[in-house]
Amino acid sequence: MNKSLRIIYLGTPDFAVAGLQTLVENGYNVVAVVTMPDKPAGRGHQMQFSPVKQYALSKDIPILQPEKLKDESFIEELRSYHADLQIVVAFRMLPEAVWAMPRLGTFNLHASLLPQYRGAAPINWAVINGDKETGATTFLLKHEIDTGNIILQERMPIGDDENVGSVHDRLMELGNGLILRTLQLIEDSDDKHIPVPTTPQPNRTDLLPAPKIFKETCQIDFGKTVREIHNFVRGLSPYPCAWANLTINGRLYENVKVFRTAIPEPDKRYALLYDCADGPIALEELQLPGKHRMDAKSLMNGLK
């Protein structure tokens, strides 16, 4: 196996750290990392490094943090590393000048079964929509986002009450293996123009989007069904977290985070039930503004 390929890795969040760590620990030659610029965070507005940058610093890997990916100075610096291959995991849309630069091209790991859930938040939306399975896909980059030819794909079940945090962590592990298998295909290939066998993404009419999630996206609509709200909450838990304005014991509490719900079972008692379109839902774990996260029974005891 040839591990001398010069690889540039592009990614930002925790999900991308696992792939980078897998490459380093398996002896691959990661010559540079590209990640988002530092940004101020918290009350003190201290500059915060991306998770990928933090890991790269710990391994003395050179780091590039362009404000604009089309800047000629960044393009020239990227070119100076003479990469054979680029790997993208949870990063911005790349201009052709970047993804077409390496001689073996650029492949992306996407946390969905493409072509389903193209976009920024595929894991969240698969859970929100109540899907029974998800997966990960490696594919070659092209102009339109998340539309390139598929290299490898692997499926994974989603539990009925599993939240997005758990699905995220399991997909990271699955994705690590997919990155290694894709690399092995590329290393074993003799075709230097299209380095691996690929499959065009099928044209389908049932595709669901996976747009970026904002605070307003996360507000619970109690006009929906119990099942829809249950899926919505677990699709946003533990982060960025669903929220609602709740009236409890006649008092309105605004911006209450809801981490866990349950679909009520007959003959079982619940501390806090809330009406939905087709009946009540059990709110099981919440956080009032300025308070600690707690189970519903503790919350109700505190409010009394």
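Round to the nearest 0.05 the FRET efficiency obtained for Q153 and R251 when R0 = 45 Å and r is the Cβ-Cβ distance.
It comes to 0.35.
Under the definition of Cα pairs under 8 Å and six or more residues apart, what whole-number percent is the relative contact order of the chain?
Normalised by residue count, the contact order of the chain is 13 percent.
If you place +1 on the Cβ of every Lys and Arg and -1 on the Cβ of every Asp and Glu, how big does the dipole about the Cα centre of the chain come out, in debye to the nearest 20?
Value, rounded to 20: 720 debye.
Leaving out ligands, DNA and RNA but keeping every protein chain, what accessible area does L252 have, in Å² rounded to the nearest 10, with a 1.4 Å probe?
Spelled out: L252, probe radius 1.4 Å, area about 100 Å².
Quick one: P(r) of region 12-58 from all Cα-Cα pairs, 5 Å bins, percents rounded to integers, in order of increasing distance.
5, 21, 28, 22, 12, 7, 4, 2
Which entry in (i) 1.00; (ii) 1.19; (iii) 1.14 matches Cα Rg over 2.2 N^0.38 Å derived from the coordinates of this structure?
Checking each listed value against the structure points to (iii).
Just name one of V33, Q48, Q65: the one whose Cα is farthest towards the positive end of the charge dipole of region 29-68 (beta-carbon charges, Lys/Arg +1, Asp/Glu -1).
Q48
Any idea what the dipole of region 115-169 comes to, in debye rounded to 20, about its Cα centre with Lys/Arg Cβ at +1 and Asp/Glu Cβ at -1?
Using only the charged Cβ atoms, the result is roughly 280 debye.
Could you tell me which of L272, I150, N176 has its Cα farthest along the dipole of the chain towards the positive end, charges placed at Cβ (Lys, Arg +1; Asp, Glu -1), taken about the Cα centre?
Looking along the dipole axis, the top candidate is L272.
With θ taken as phi - 60° and the coefficients 6.51, -1.76 and 1.60, list the Karplus ³J(HN,Hα) couplings across region 215-227 in order, rounded to whole Hz; mark glycine and proline as x.
4, 5, 4, 8, 6, 6, 9, 6, x, 8, 6, 4, 4
Within 11 Å, Cβ to Cβ, of D161, how many net charges do the neighbouring residues add up to if Lys/Arg are +1 and Asp/Glu are -1?
-1
Over the chain, with the other protein chains present, what is the accessible area per residue in square angstrom, probe 1.4 angstrom?
Counting only protein heavy atoms, the per-residue value for the chain is 52 Å².
Count the net charge of all other residues whose Cβ sits under 14 Å from the Cβ of E284, scoring Lys and Arg as +1 and Asp and Glu as -1.
+3
Along the Cα→Cβ direction, 7 angstrom out, place labels at E162 and A100. What is the inter-label distance in nm?
3.9 nm
For the chain, what % of the accessible area comes from carbon and sulfur atoms, probe 1.4 Å?
Within the chain, the accessible surface is 50 percent carbon and sulfur.
Quick check: pseudo-label points 7 Å beyond the Cα along Cα→Cβ at R227 and M47, how many nm apart are they?
5.1 nm
Could you please report the charge total around D221, scoring K, R as +1 and D, E as -1 over all other residues with beta-carbon less than 14 angstrom from its beta-carbon?
-2
What order do you get for 170-179, 267-276 when each peptide is scored by the mean count of other beta carbon atoms within 10 Å, highest first?
Ranking, from highest mean packing down: 170-179, 267-276.
Under a GNM of the chain (C-alpha, springs under 10 Å), which listed residue has the highest mean-square fluctuation: G223, G148, G290?
Judging by the Gaussian network model, the answer is G290.
With viscosity set to 0.692 mPa s and temperature to 37 °C, compute the Stokes-Einstein D of region 1-145, Rh being the Kirkwood radius across alpha carbon pairs; µm²/s, no decimals.
203 µm²/s
The values are calculated or read from the model by the stated rules, or taken from the named source; none is laboratory data. What you see is a predicted model; the values in this text were computed from it and never measured. Cβ: placed from backbone, ideal geometry, glycine included. Neighbour counts: every protein chain shown. When the accessible area is computed, the model is the full protein with side chains, heavy atoms only, and any ligands, DNA or RNA have been set aside. Shrake-Rupley method; radii C 1.70, N 1.55, O 1.52, S 1.80 Å.
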